[in-house]
Amino acid sequence: MTSSPAVIDHPLLQHKISLLRDKETPSVIFRLLVREIAQLMLFEATRDLELTARDIETPLTKMTAPVLATPGPVLVSIMRAGNVMLDAALEIIPTAGVCHIGIYRDHDTLEAGEYYFNGPPDIAERALLLVDPMLATANSSIAAITQLKARGVTNMSLICILAAPEGLAALSAAHPDVPVFVGAVDTHLNEKGYIVPGLGDAGDRSYAT
Ligand code: PRP
Ligand code: URA
């Protein structure tokens, strides 16, 4: 198995990603776009969510209707930029649990530093959807996935808005079993590890830091 990405190239998504890239887009609109993009991407990434049947009554008749099975998936935010996607995802997956993983990228070494983990106790038995807008070197995603596997998780997917080919290759080598959904694959990483053409620093642009 490989983790060659599923590129979600829907026109609505591509339009919103272009607005996100624009350096003139202010933080308030940037966050709004990240939320909308996350929800559009989830539409594709949650295609296999489990359903169960519930007996209900419409104004006209009784019926057995499909509803999301519980417990639902666990949404995992790779902080801090992942939090904007997480909040948007929670709105459309009401049965989801939440896990926060704090990881920062050292600006000099580009290594991932882990500072926080908080997830549900039954995380190993559930399907996970990891969200992070950016996959650059992939050091952050690889660290998050390694941490989750060490806790017994076997079923997870990663959703990123932008990815670099270098990061996708590294992720595929480290965790070939993890499916990846991306909105766009850019051309390369620059000498500072930024995605080009990219959108800049997703955390800074989300929170105006
Ligand atoms: C950004 C982004 C990813 C990471 C990607 O986070 O949200 O987590 O960089 O880079 P990588 O693939 O090379 O690891 P950052 O470390 O800047 O933290 P922040 O979200 O707190 O700004
Ligand atoms: N993290 C970001 O936020 N942007 C990049 O281009 C690379 C890593």
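Can you name the number of the only condition in (1) of a type outside the set (Lys, Arg); (2) within 14 Å of ligand 2 (Cβ to nearest atom); (3) under 30 Å from Leu68 (Cβ atoms); (4) touching a Phe, Trp or Tyr at 6+ places or on another chain (Cβ under 8 Å) that Ala136 fails?
Of (1) of a type outside the set (Lys, Arg); (2) within 14 Å of ligand 2 (Cβ to nearest atom); (3) under 30 Å from Leu68 (Cβ atoms); (4) touching a Phe, Trp or Tyr at 6+ places or on another chain (Cβ under 8 Å), only one is false for Ala136: (3).
Somewhere in the stretch 72-95, is a residue more than 30 Å from His15 (Cα to Cα) and in contact with a Ser or Thr (Cβ under 9 Å, 6 or more places away or on another chain)?
Yes - at least one qualifying residue is present in the stretch 72-95.
If you scan the stretch 103-143, which residues turn out to be away from ligand 1 (no atom under 12 Å from the Cβ), touching a residue at least 24 places away in the same chain (Cβ under 8 Å) and not acidic (Asp, Glu)?
Scanning the stretch 103-143 gives Phe117, Gly119, Pro120, Ile123, Ala124, Arg126, Ala127, Leu128, Leu129.
Within 15 Å of ligand 1 (Cβ to nearest atom), in contact (Cβ under 8 Å) with a residue 40 or more places away in the chain and either touching a Leu at 6+ places or on another chain (Cβ under 8 Å) or closer than 27 Å to Lys192 by Cβ (or both), is that true of Ile8?
no
Could you check the stretch 164-209 and list, in sequence order, the residues that are assigned to a helix (DSSP H, G or I) and either within 12 Å of ligand 2 (Cβ to nearest atom) or at pLDDT below 95 (or both)?
Correct list: Glu166, Gly167, Ala202, Gly203, Asp204, Arg205, Ser206, Tyr207.
Pairs under 6 Å by beta carbon, first residue closer than 19 Å to Val67 by Cβ and surrounded by 13 or more Cβ atoms within 10 Å (Cβ to Cβ) in the stretch 25-51, partner modelled with pLDDT of 95 or more and not polar (S, T, N, Q), six or more apart or different chains?
Going by the 6 Å Cβ cut-off, the qualifying pairs are Leu42/Ala89.
Condition check ((1) more than 22 Å from Glu44 (Cα to Cα); (2) without any contact (Cβ under 8 Å) to a residue 60 or more places away in the chain; (3) not basic (Lys, Arg)) across all residues:
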residue: Ala170; (1), (2), (3): yes, yes, yes
residue: Asp177; (1), (2), (3): no, no, yes
residue: Gly183; (1), (2), (3): no, no, yes
residue: Leu189; (1), (2), (3): yes, yes, yes
residue: Pro197; (1), (2), (3): yes, no, yes
residue: Gly200; (1), (2), (3): yes, no, yes
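Determine which single condition Thr146 fails, assuming it passes every other condition in (1) within 12 Å of ligand 1 (Cβ to nearest atom); (2) part of a helix (DSSP H, G or I); (3) farther than 27 Å from Phe43 by Cβ; (4) of a type outside the set (Gly, Ala, Ser).
(1)
Just checking, does the stretch 64-78 include any residue being within 13 Å of ligand 2 (Cβ to nearest atom), in contact (Cβ under 8 Å) with a residue 12 or more places away in the chain and closer than 20 Å to Gln39 by Cβ?
Within the stretch 64-78, one or more residues are within 13 Å of ligand 2 (Cβ to nearest atom), in contact (Cβ under 8 Å) with a residue 12 or more places away in the chain and closer than 20 Å to Gln39 by Cβ.
Among the residues of the stretch 144-156, is any surrounded by fewer than 20 Cβ atoms within 10 Å (Cβ to Cβ) and at positive phi?
Yes - at least one qualifying residue is present in the stretch 144-156.
The values are calculated or read from the model by the stated rules, or taken from the named source; none is laboratory data. Given the structure is predicted, the values throughout are model-derived calculations rather than measurements. Glycine also receives a Cβ, built like all others from the backbone with ideal geometry; neighbour counts cover every protein chain displayed.
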